[in-house]
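Trainee: Have a look at the structure that comes next, please.
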Amino acid sequence: MPSPRQALRNAMILSTLLGAPATYAAPPAGTFRPDANMARAKLPPLSTWDLSPLFASDAAFADGLKVAQGNIEKLTGFRGTLAQVKKLGACLALYFDTRLGINKLTLYANMRLDSHQGDAALEAQNTRALDTLRTFMAATTFIREEVMALSDKTLTAAYRNNSSLRALKPYLDELRRRRSRVLSPDAERVLGLAGDNLWAEIDLNEIPSSYEKSFGAMLTDLPLPSITDEQGKSVPMTLSNYGKYRASSDRRVRKQAVDNLFGSLRRYQHVLASTLAGQLGFNVFLARSRGYDTALAAYLDKDNIDTAVYHNLIRAVRANLGPLRDYLALRRESMKLDEVHIYDLYAPLVASVKMDVPFAEAREILPKALAPLGQEYVTQLTHGLDPSNGWIDVYPHAHKQSGAFSSSVYGVHPFVKMNYFDEVDDLSTLAHEYGHALHSHLSMTTQPYVTFNYATFVAEIASTCNEKLLSDYLVANAHSNAEKLVVLAELLETIRTTIYRQTLFAEFELRAHTAAEAGTPLTAEFFNHLYAELLRDYYGPGLAVGPDDEIEWAYIPHFYYKYYMYAYANGLSAGIALAERIQTRGEPAARDYLGMLKGGSSQPPLELLKGAGVDLTKPAAVEAAARLMQKTLDTMRQLRGK
């Protein structure tokens, strides 16, 4: 029997074929207005994602949980037997089957909870899924230990005689690449109990440490003063609405928002510093436990990335600070300011222009904007953007978490979460998230399960390449200079916040870890001094650094993400370079790019990128981004003069 969603979709298709009006139809473009307070049940039909490819119901999820728990118990029965080829093959087959099943459990539970925040039953369901994942990871460490103990000769013979094992060779080779980092069984058990994450086969952001949880709890409970809004009304300020007031056109409001947050952080700076110091110390402990000289080497080695990439990013950005400082000059000129403060950096740079982009219109724009990527890409994009295919959860509603993301699990179409408000920023976010979604789709439909996952390092490239192509399309098709200025200003902000600001964060993270490794006490004073120094180094004399600006580090969650931020900056740099290469060279460059997206983890990330035409051990990609930022600044000055 088809699900209600399938029945609805079938009715619409049949109605279209017969030339009769559909019983249910999405409202005409422009008639539905997104409302964050709307009940989910009131949303347009087929505008929510379809989770049935994962589990048909919560009851089916519960059954899947039991299967996973039973499989974990079966897996432990293989302990001590993996030197036998048949046992090794059987164990790995069950391991991958169980891992895929648990991936589906955690994804389903997370997405159910995401659109039903505060539902205690779904919170418990999500906790059970994560607990099962942790149990699975802890129970299967013996597989890594025993695979590492096998000789090259034994494995070569096993590959020759067992086709199933031969198919797993890329996975086993990648596992054994770090075999010198494996400790004794007792030591591995202790590290596992301590929360070791260097061997995790999922995104580390999905495994929060106790320090990260404490940090999150502190931010949740952080008292913030009320703010007087643009209409003179006193309203409660929260971290959720902080971004809104920080970006206010009213300078009094945005200054008060920043002062309120930074002042509250200042009052709790010592406990926040202690928490971050604990996370950094834990990272160093795990790295040193496995014989790495630095935490940077340990966490980049997890994805087979040379630390030269990290250092190259910082050097290249520091060598190209001119556009960032010219950006401050343009902001000072445009906003008629005596000096630019940190609270001025998020206010509108140009006069706003109403540019409504309903979702139905976005579905038409994106395929046109991304046409340079080729017909294969556009065809799949068009399919994924059609809400009736179940990929996307489009609109905001009551009890839905803010933000956007794309998630996937092998063998099932990707899922895209949006909070689409019909604004041009939402169109950009849509392009970004479908970059992730199409990357996952192309990888999983090309690669076998063991090599479909791509490294965090390349995760942001597909999304940012899409954003660059969309930006160029919107400028080329703008109806006025005012519209062009809005799009160009958004591009400037993307480069500033993603390349320059994230690299500043990446250098802060590196220098803080380096201090921890040298035994330097990590106090609030240390973090404050370091952050203020970096603000002055990057922005130069054009930014007036206030007395509390140095505390901004204290609410940035990315510092708990274990050397993740550099991937944002490298991702946008590479995305810009690849988009320009595709626009200049056409189909051959697009083919190279799609080859990278389809590559999964079949090659080391740097090799996949080089195949697409970018080498991130060299400064060329950052230099291209800096040139684009300067060109955008010059163009905006020209348009403002017309």
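The values are calculated or read from the model by the stated rules, or taken from the named source; none is laboratory data. It should be emphasised that the depicted structure is a prediction, and the values quoted were computed from it without experimental measurement. Reconstructed Cβ throughout: ideal geometry from the backbone, glycine too, with neighbour counts over all protein chains shown. Surface accessibility is based on the protein's heavy atoms, side chains included, excluding ligands, DNA and RNA. Shrake-Rupley method; radii C 1.70, N 1.55, O 1.52, S 1.80 Å.
Trainee: Would you say Y211 is touching a Lys or Arg at 6+ places or on another chain (Cβ under 7 Å), part of a helix (DSSP H, G or I) and either modelled with pLDDT under 95 or not β-branched (V, I, T) (or both)?
Mentor: No.
Trainee: Right, something else. Can you run down the residue pairs with Cβ atoms below 6 Å, 6 or more apart or on separate chains, where the first is in the stretch 584-599 and farther than 12 Å from G611 by Cβ and the partner is at pLDDT 95 or above and not in a helix (DSSP H, G or I)?
Mentor: A590/G374
Trainee: Anything in the stretch 209-229 that is exposed (fewer than 12 other Cβ atoms within 10 Å of the Cβ) and free of Cβ contacts under 8 Å to residues at least 24 places away in the same chain? List them, or say none.
Mentor: Within the stretch 209-229, A217, T220, D221 qualify.
Trainee: Of all residues in the stretch 563-588, which are surrounded by fewer than 20 Cβ atoms within 10 Å (Cβ to Cβ), more than 14 Å from K468 (Cα to Cα) and not basic (K, R)?
Mentor: Once the filter is applied, which keeps residues that are surrounded by fewer than 20 Cβ atoms within 10 Å (Cβ to Cβ), more than 14 Å from K468 (Cα to Cα) and not basic (K, R), the stretch 563-588 yields G586, E587, P588.
Trainee: Sort through Y395, Y410, Y346 and tell me the only one that's within 30 Å of E550 (Cβ to Cβ), open to solvent by 10 Å² or more (accessible area, probe 1.4 Å) and not acidic (D, E).
Mentor: Result of the check over Y395, Y410, Y346: Y346.
Trainee: Name the residues in the stretch 63-111 that are open to solvent by less than 40 Å² (accessible area, probe 1.4 Å) and more than 30 Å from the chain's Cα centre (by Cα), would you?
Mentor: Answer for the stretch 63-111, where residues must be open to solvent by less than 40 Å² (accessible area, probe 1.4 Å) and more than 30 Å from the chain's Cα centre (by Cα): G70, N71, L75, F78, T81, L82, L88, G89, C91.
Trainee: So, one more: So N241 fits all but one of (1) open to solvent by 40 Å² or more (accessible area, probe 1.4 Å); (2) assigned to a helix (DSSP H, G or I); (3) over 21 Å from L337 (Cβ atoms); what number is the exception?
Mentor: Only one criterion in (1) open to solvent by 40 Å² or more (accessible area, probe 1.4 Å); (2) assigned to a helix (DSSP H, G or I); (3) over 21 Å from L337 (Cβ atoms) is unmet by N241, namely (1).
Results for (1) open to solvent by 20 Å² or more (accessible area, probe 1.4 Å); (2) of a type in the set (S, T, Y); (3) in contact (Cβ under 8 Å) with a residue 60 or more places away in the chain; (4) in contact with an Asp or Glu (Cβ under 7 Å, 6 or more places away or on another chain), shown as yes or no for each residue.
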{"position": "F415", "(1), (2), (3), (4)": "no, no, yes, no"}
{"position": "F421", "(1), (2), (3), (4)": "yes, no, yes, no"}
{"position": "S443", "(1), (2), (3), (4)": "no, yes, yes, no"}
{"position": "A455", "(1), (2), (3), (4)": "no, no, yes, yes"}
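Trainee: Give just the number: which of (1) over 26 Å from the mean Cα position of the chain (by Cα); (2) farther than 24 Å from D326 by Cα; (3) open to solvent by 10 Å² or more (accessible area, probe 1.4 Å); (4) among the aliphatic types (A, V, I, L, M) does L543 not satisfy?
Mentor: (2)
Trainee: How about the stretch 459-496: which of its residues are open to solvent by 30 Å² or more (accessible area, probe 1.4 Å) and closer than 16 Å to E623 by Cα?
Mentor: none
Trainee: Please tell me if D386 is among the acidic types (D, E), open to solvent by 10 Å² or more (accessible area, probe 1.4 Å), touching a helix residue (DSSP H, G or I) at 6+ places or on another chain (Cβ under 9 Å) and without any contact (Cβ under 8 Å) to a residue 60 or more places away in the chain.
Mentor: It is true that D386 is among the acidic types (D, E), open to solvent by 10 Å² or more (accessible area, probe 1.4 Å), touching a helix residue (DSSP H, G or I) at 6+ places or on another chain (Cβ under 9 Å) and without any contact (Cβ under 8 Å) to a residue 60 or more places away in the chain.
Trainee: Any residue at all in the stretch 352-373 that is closer than 30 Å to E201 by Cβ and either at pLDDT 95 or above or in contact with a Phe, Trp or Tyr (Cβ under 6 Å, 6 or more places away or on another chain) (or both)?
Mentor: So far as the stretch 352-373 goes, yes, one or more of its residues are closer than 30 Å to E201 by Cβ and either at pLDDT 95 or above or in contact with a Phe, Trp or Tyr (Cβ under 6 Å, 6 or more places away or on another chain) (or both).
Trainee: In addition: Yes or no: A273 touching a Ser or Thr at 6+ places or on another chain (Cβ under 7 Å) and either outside any helix (DSSP H, G or I) or open to solvent by less than 50 Å² (accessible area, probe 1.4 Å) (or both)?
Mentor: For A273, the condition - touching a Ser or Thr at 6+ places or on another chain (Cβ under 7 Å) and either outside any helix (DSSP H, G or I) or open to solvent by less than 50 Å² (accessible area, probe 1.4 Å) (or both) - is met.
Trainee: With the requirement that a residue be among the polar types (S, T, N, Q) and at pLDDT below 95, what does the stretch 389-405 give you?
Mentor: If the condition is that a residue be among the polar types (S, T, N, Q) and at pLDDT below 95, then Q401, S402 are the ones that fit.
Trainee: Inside the stretch 281-393, counting only helices (runs of 4 or more DSSP H) that do not spill past its ends, which hold 3 or more residues that are closer than 28 Å to N453 by Cα?
Mentor: It comes to 295-301, 307-318, 359-369, 375-385.
Trainee: Just to verify a result, which residue in the stretch 482-541, among those that are polar (S, T, N, Q) and part of a helix (DSSP H, G or I), is farthest from A277 (Cα to Cα)?
Mentor: T494
Trainee: Do we have any residue at all in the stretch 186-208 that's in a loop (DSSP other than H, G, I, E, B), modelled with pLDDT of 90 or more, surrounded by 14 or more Cβ atoms within 10 Å (Cβ to Cβ) and under 28 Å from the mean Cα position of the chain (by Cα)?
Mentor: No, the stretch 186-208 contains no residue that is in a loop (DSSP other than H, G, I, E, B), modelled with pLDDT of 90 or more, surrounded by 14 or more Cβ atoms within 10 Å (Cβ to Cβ) and under 28 Å from the mean Cα position of the chain (by Cα).
Trainee: Moving to a separate point now. What's the number of the condition Q447 fails, among (1) open to solvent by less than 40 Å² (accessible area, probe 1.4 Å); (2) assigned to a helix (DSSP H, G or I)?
Mentor: (2)
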